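Enquirer: Sharing a structure with you now.
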Amino acid sequence: MIELNNLKFKPLIKILIGLATILVLIGVMSTRRPARWKFKVEDVSSASIYAPFDFSYVDEESTLKLQKERAVAVNPLYDYDPSLFRKSSTEMFNFYQKILNQKIITNKDEQTGLTVAHINVTLRNKGIDEIYRKTEELLNVVMGTEVIGKDEKMSLLKKGTKIITVRNLLTNVEREQGLIQVLTVKDTRKEFIDKAIELFPENRKLRIEVVELVDNFIRPTLHYDEDQTLRRRQAALNDAKPVMKNVRKNKLIVGKGQIITPEQIVQLSTVFKKRVQVDILSSNLGMGLLVIIFVVLLGVYVYRYSPKIYENNQKLILISLILFLNITLAQLVGVSQLSRYLIPMSAGAMLIAILLEARLAVMIAGLLAVFAGVIAGSKLDVSVVSFAGSLAGIYFVIGVRRRSQLMMAGFLVGLASFICIIGMELLNRVAPSTFIVDASWGFASGIVSAIVVTIILPVLEYIFKITTNISLLELSDLNHPLLRKMLTLAPGTYHHSLVVGNLAEAASEAIGANSLLARVASYYHDIGKIEKAEYFIENERFEKKSKHDKLTPSMSSLIIINHVKNGVELAQKYNLNKAIVDIIREHHGASQVFYFYKKALEKIEDKEMLEAMAFRYPGPKPQTRESAIVLLADSIEAASRSLSDPTPGSIKGMVQKIINNKFIDGQIEECELVLKDLHKIADSFVRILIGIFHTRVEYPEAGKGPEETETDEDKNKKYPKKGQDKKHRGT
């Protein structure tokens, strides 16, 4: 895997980051669509809208009417089944067979419903075969023609049906038939009776019985095919072409104050869809050009004015990620039904200000403001409000030290947006009821931005290992497990670190460096001494001899130097921030452990054979102003313990001497400190140390007069300060 900050691949990685940023932003922004008129039927139009181009649209009402006409024009399909005559004839033949065989012994036949009286009449007449032949011929009069049920015909006539389609199931031939000409079973009765008179002219009683007998075997020969009729009507409906209407360019679609009709809604919707189809290519092309120019300008700006960020590919990726997240969130708001003023573009600028720098955040704020206006439908007012809110957010998050302050910043961002929206809409003469609602949405955007920042900030801090004042303030808690462990096992080092923190904080404030980082890093800079605390002079006791008395100078030097390595490992184990780990690693630079080097020189005859580098810290030298300040504060605090007479003059001389020595030794040559900064740092150190060693009023002990009071000089003679004979040992 390629290291992001690998010198060999750095330029290539920067190009890839830039291209990826452009492509991703174009992808996100290309989901934008032209603004749609949010009208409903019977709304009153607030403006006159004209056709922006020639277009055609479907007249739904006329189309629906045409479809109904086409569907109704499809005649009901009735099937004529010639086989029904044969079926009825067979049933009647079987009935005659029963008569001949005299098998009907009940009062009523179950199949025909004929009584015994009917059967007896038939049996009393001779020539039963001739009677059957004529009866079958009579049946054919009805069953051989197209006959429909009476109720069914009446139902069709009520629906307005005039023609039906008759399909012969035997030949599969279809023809249209006027419904009025189609006979019902009742309509065929006259023709049926006339034929019976013709067949049975002499025996009236027999004729009546035969007619009644045949009636029981007559049934309609036309049957409605509902499924096929519905399919044909649906096909006709589908084949009906939509009725199109044309609208010429500049034709008034809806006038101001006019109540909007359904047809006008269709026209407006057609214009919207047409704009999407026509503008999709040009819109995406324009969006691509916009994204490219802004990303390129952003890259040039970072290269010119933020070179440290430009050199760090991880931070470039961070900028791209924040842009992507913010614009994606804005798009989600843009495609929703929520107000365009809710777009939380301030979140991106606030994150950049907290994680990187405020000046870059202003540039990002301008870029995001443009995109906010584009997402809202090329609205200048949204861009103005977004930029104003972002500037307020940047101002209020600079130096923020608590996460709770982010919500206050969000409140102030919302307030700035609220006022800006009212100003913009007053210029546009918008009604108060409208701009108050819009301004409320703008205020809500500030709160939403603060919530987004609060959620995302810890994640970005962790992923990109960036130190913020918020995380530093959390580490400044003296109840941190590492600091409590140091207080217990290395109390001298603990108190030394607190003083170094005060010195470093004051010096950082004097030159405009990060004072909170300097103070917090000072608390942890000597945690490596916890493991072998007794080998460092500030943790030794008066009644015990030094641990170094039994060690060679080189071994003592190794133990002293090794506390830096141990400190880095311990800091990484406790997941301390990278900036603090770097200061732990750099807080001695490549300084020499002078006391043990001098002691080694005293024990060796050939001084040229003494390896001087073995008595130096491995480095690296401080890379930041904060790291250099901690180095100077650490050395000066340790040296101040050896002052026998800590007067303002002696303190100032000691501070100046140590700073000069570190400067001459080249320990602060790799950071951005200049001579002017060193003077300010020295003055702040002197001021703090004078406060620590201020003159106290001597109070006489009980039973002694003023002349018997023990002076500081007497105390120093009786109890020499520890370390005077071991100057700089353990620093």
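Just so it is clear, none of the values below were taken in a lab; they were calculated from the coordinates. All values reported here derive from a predicted model rather than from experimental measurement. With ideal geometry, Cβ positions are generated from the backbone for all residues, glycine too; neighbour counts draw on all protein chains shown.
Enquirer: According to a simple spin-label model (label point 7 Å from Cα along Cα-to-Cβ), what is the distance in nm between ARG219 and THR552?
Expert: 12.4 nm
Enquirer: Next question. What full-extension length gain, to one decimal in nm, is calculated for VAL58 and LEU157 as 0.36 nm per residue of separation minus the Cα-Cα distance?
Expert: Here the answer is 32.2 nm.
Enquirer: Related question: Using each residue's phi in region 255-264, evaluate 6.51 cos²θ - 1.76 cosθ + 1.60 at θ = phi - 60° and report the 3J(HN,Hα) Karplus result to the nearest Hz, with x for Gly and Pro.
Expert: x, 4, x, 7, 7, 7, 9, x, 5, 5
Enquirer: Separate question: Could you calculate the FRET efficiency of VAL370 with LYS10 from 1/(1 + (r/R0)^6), where r is the beta carbon distance between them and R0 is 30 Å, rounded to 0.05?
Expert: Approximately 0.55, to the nearest 0.05.
Enquirer: Something else about it: Amide H to amide H under 5 Å from VAL254: which residues, 5+ apart in sequence or cross-chain, H placed 1.01 Å off N in plane?
Expert: Here ILE49 satisfy the definition.
Enquirer: Starting at the first residue of region 418-428, write each ³J(HN,Hα) from the Karplus equation 6.51 cos²θ - 1.76 cosθ + 1.60 with θ = phi - 60°, in whole Hz, x for Gly and Pro.
Expert: Each residue's phi maps through the Karplus curve to give 4, 5, 5, 5, 4, x, 5, 7, 5, 4, 8 Hz.
Enquirer: On full extension of the chain, what length is gained from GLN572 through SER30, given 0.36 nm per residue of separation minus the C-alpha to C-alpha distance?
Expert: Gain on extension, GLN572 to SER30, equals 190.8 nm.
Enquirer: Follow-up question, since we're still on this one. What residues have an amide H closer than 5 Å to that of ARG616, excluding those fewer than 5 places away on the same chain, when H is modeled at 1.01 Å from N in the peptide plane?
Expert: Sorted by chain and number, the residues that satisfy this are VAL593.
Enquirer: If the chain between TYR303 and TYR462 were fully stretched, how many nm would it gain, using 0.36 nm times the residue separation less the Cα-Cα distance?
Expert: Length gained between TYR303 and TYR462: 54.7 nm.
Enquirer: If you don't mind, there's one more thing I want to ask. First select every other residue whose beta carbon is under 12 angstrom from the beta carbon of VAL166; then total the charges, Lys and Arg +1, Asp and Glu -1.
Expert: -4
Enquirer: Which net charge results when you count Lys and Arg as +1 and Asp and Glu as -1 among the other residues whose beta-carbon is under 9 Å from that of LYS621?
Expert: With Lys, Arg at +1 and Asp, Glu at -1, the net is -3.
Enquirer: On to the next question. Apply the Karplus curve 6.51 cos²θ - 1.76 cosθ + 1.60, θ = phi - 60°, to the phi angles in region 375-392 and return the couplings in whole Hz, x for Gly and Pro.
Expert: Values per residue, Gly and Pro as x: 4, 6, x, 6, 9, 5, 5, 5, 4, 4, 5, 4, 5, 4, x, 5, 4, 4 Hz.
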